[in-house]
Amino acid sequence: MQALKDSFGRSFPYIRLSITDVCNFKCGYCLPNGYQVDKSDNRKFLHLEEIKRLAKVFSRLGVSKIRLTGGEPTVRKDFFDVIKILKNEADIKKVVITTNGYHLDKKAKKLVESGINGVNISIDSLDRNIFRNITGHDRLPEILKGIKNLQELNFDNIKINAVLLNNINASEKDFNNWAEFIKKNKVDFRHIELMRTGDNLDYFNKYHVSSKIFKDYLNKNKWIYQTFGKDAGPSLNYINPKYKGKFGIIAPYSKGFCRTCNRLRITSRGDLRLCLFGNTGISIRHLLQKDDQIDELQDLILGQMKFKKESHYLELGETGLTKNLSTTGG
Ligand code: SAM
Ligand code: SF4
């Protein structure tokens, strides 16, 4: 088996696959005016057969984990068929999703039955009003109920992501609220540092704050730093024996963040992106049309690996092709 490796010795067992750009939320840092159809790009989102071929080639290249993201991945009508195909036909060991948790209370059972291996839910605040102001939707109760339902079904790979926003959800009181939550719930809670994208410069300038404030909080409260697994995500994790859950920090601006990069991205329209923020991206969709194109597709992907850069250069204000993270899945 030929595995995916780049020129810096990094390997890539993990793919983030966006299956739609459509989203039903209006997060201030992502789609403040809601999803708008991109009139400059009339290509449809990848269909099931294309997704199957894509996953098969990556499985051949040693990929063991695929994260479904978007936009909001669960708005796709065939969302559960996508999971089924990845697990049963492409033999992907771990299929996980990132979701805004819309209707999670109703979907929890079906999610567990689908055999999904992990659910990451974005919840920027445990305060109902703050949550509504950030996302444009008063849906915090249904999301928390969804988490409860997952737990009652003994599903325990639940992670919560919150973008850290200065003067909105970054006070000691906010951190203490999450600590109370993970004291009782076996859930990993991670703060993501707000990233600057092509569209969100004003928002970024107003609300960006270094994740150091959260790190300082964790150190002050005696949380213990824990190291990574092979196909792990980018989070720095902290444990405390008195708590059921863990805390984590995803800090893309931090020095060395890219050193442990182990993932590639596929956009909803079939572009391979070597980095969330890289300028490099090519369409591989023309080789997803027939089963017998798999060798050619494999060569194309392997050939791209030499173009993966060492770092995203975000600290230099680089935002690459990324207008907002709904097109590449965050
Ligand atoms: N709609 C789903 C959701 O919100 O979980 C999946 C897609 S969303 C783009 C994936 C993740 O990216 C979410 O956790 C979201 O909070 C995060 N995100 C979006 N824009 C961001 C930004 N500018 N900086 C940091 N994180 C961002
Ligand atoms: Fe939608 Fe996720 Fe973007 Fe929020 S962060 S607008 S839920 S894609």
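Would you say Ile160 is in a strand (DSSP E or B), out of contact with any Leu (no Cβ under 6 Å at 6 or more places or on another chain) and either aromatic (Phe, Trp, Tyr) or within 16 Å of ligand 1 (Cβ to nearest atom) (or both)? Spelling it out, Ile160 is indeed in a strand (DSSP E or B), out of contact with any Leu (no Cβ under 6 Å at 6 or more places or on another chain) and either aromatic (Phe, Trp, Tyr) or within 16 Å of ligand 1 (Cβ to nearest atom) (or both). Just one of (1) part of a helix (DSSP H, G or I); (2) acidic (Asp, Glu); (3) within 15 Å of ligand 1 (Cβ to nearest atom) fails for Glu50. It is (3). If we scan region 175-198, do we find a residue that is under 16 Å from Cys27 (Cα atoms) and over 21 Å from the mean Cα position of the chain (by Cα)? There is no residue in region 175-198 that is under 16 Å from Cys27 (Cα atoms) and over 21 Å from the mean Cα position of the chain (by Cα).
Which one of these is surrounded by 22 or more Cβ atoms within 10 Å (Cβ to Cβ) and hydrophobic (A, V, I, L, M, F, W, C): Ile168, Ile182, Ile147, Ile158? Step through it out loud before you land on a result.
Details: Ile168 fails: surrounded by 22 or more Cβ atoms within 10 Å (Cβ to Cβ); Ile182 fails: surrounded by 22 or more Cβ atoms within 10 Å (Cβ to Cβ); Ile158 fails: surrounded by 22 or more Cβ atoms within 10 Å (Cβ to Cβ).
That would be Ile147, the only listed residue that is surrounded by 22 or more Cβ atoms within 10 Å (Cβ to Cβ) and hydrophobic (A, V, I, L, M, F, W, C).
Being away from ligand 2 (no atom under 16 Å from the Cβ), touching a Leu at 6+ places or on another chain (Cβ under 8 Å) and outside any helix (DSSP H, G or I) is a description that does not apply to Ile85. For region 103-143, give me each residue that is of a type in the set (A, V, I, L, M, F, W, C), part of a helix (DSSP H, G or I) and in contact with a helix residue (DSSP H, G or I) (Cβ under 8 Å, 6 or more places away or on another chain). Listed by number, the residues that qualify are Leu104, Ala108, Leu111, Val112, Phe131, Leu140, Ile143. Against the conditions (1) more than 16 Å from ligand 1 (Cβ to nearest atom); (2) open to solvent by 40 Å² or more (accessible area, probe 1.4 Å); (3) among the aromatic types (Phe, Trp, Tyr); (4) under 22 Å from Arg269 (Cα atoms), Phe8 satisfies every one except (4). Here Asp188 clears all of (1) at pLDDT 95 or above; (2) touching a Lys or Arg at 6+ places or on another chain (Cβ under 9 Å); (3) open to solvent by 60 Å² or more (accessible area, probe 1.4 Å) except the condition numbered (3). Looking across region 66-112, the residues that are away from ligand 1 (no atom under 15 Å from the Cβ) and open to solvent by 50 Å² or more (accessible area, probe 1.4 Å) come down to Lys77, Asp81, Lys84, Asn88, Glu89, Asp91, Lys93, Lys94, Lys106, Lys109, Lys110.
Residues considered: Asp21, Asp6. Of these, the only one that is over 21 Å from Val119 (Cβ atoms) and charged (D, E, K, R) is Asp6.
Checking the condition of a type outside the set (A, V, I, L, M) and touching a His at 6+ places or on another chain (Cβ under 7 Å), which residue from Phe214, Phe189 passes?
Numbers: Phe189 fails: touching a His at 6+ places or on another chain (Cβ under 7 Å).
Step by step, each of Phe214, Phe189 is checked, and only Phe214 is of a type outside the set (A, V, I, L, M) and touching a His at 6+ places or on another chain (Cβ under 7 Å).
Counting the residues of region 191-225 that are open to solvent by 60 Å² or more (accessible area, probe 1.4 Å) and in a strand (DSSP E or B) gives 2.
Rundown of residues vs (1) in a loop (DSSP other than H, G, I, E, B); (2) within 16 Å of ligand 2 (Cβ to nearest atom); (3) open to solvent by less than 40 Å² (accessible area, probe 1.4 Å), yes/no style:
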{"residue": "Met1", "(1), (2), (3)": "yes, no, no"}
{"residue": "Ile15", "(1), (2), (3)": "no, no, yes"}
{"residue": "Cys23", "(1), (2), (3)": "yes, yes, yes"}
{"residue": "Tyr35", "(1), (2), (3)": "yes, yes, no"}
{"residue": "Asp41", "(1), (2), (3)": "yes, no, yes"}
{"residue": "Leu46", "(1), (2), (3)": "yes, no, yes"}
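The values are calculated or read from the model by the stated rules, or taken from the named source; none is laboratory data. Fair warning: this is a prediction, and the values are worked out from it, not measured in the lab. Reconstructed Cβ throughout: ideal geometry from the backbone, glycine too, with neighbour counts over all protein chains shown. Side chains included, ligands, DNA and RNA excluded: accessible areas come from the protein's heavy atoms. Shrake-Rupley method; radii C 1.70, N 1.55, O 1.52, S 1.80 Å.
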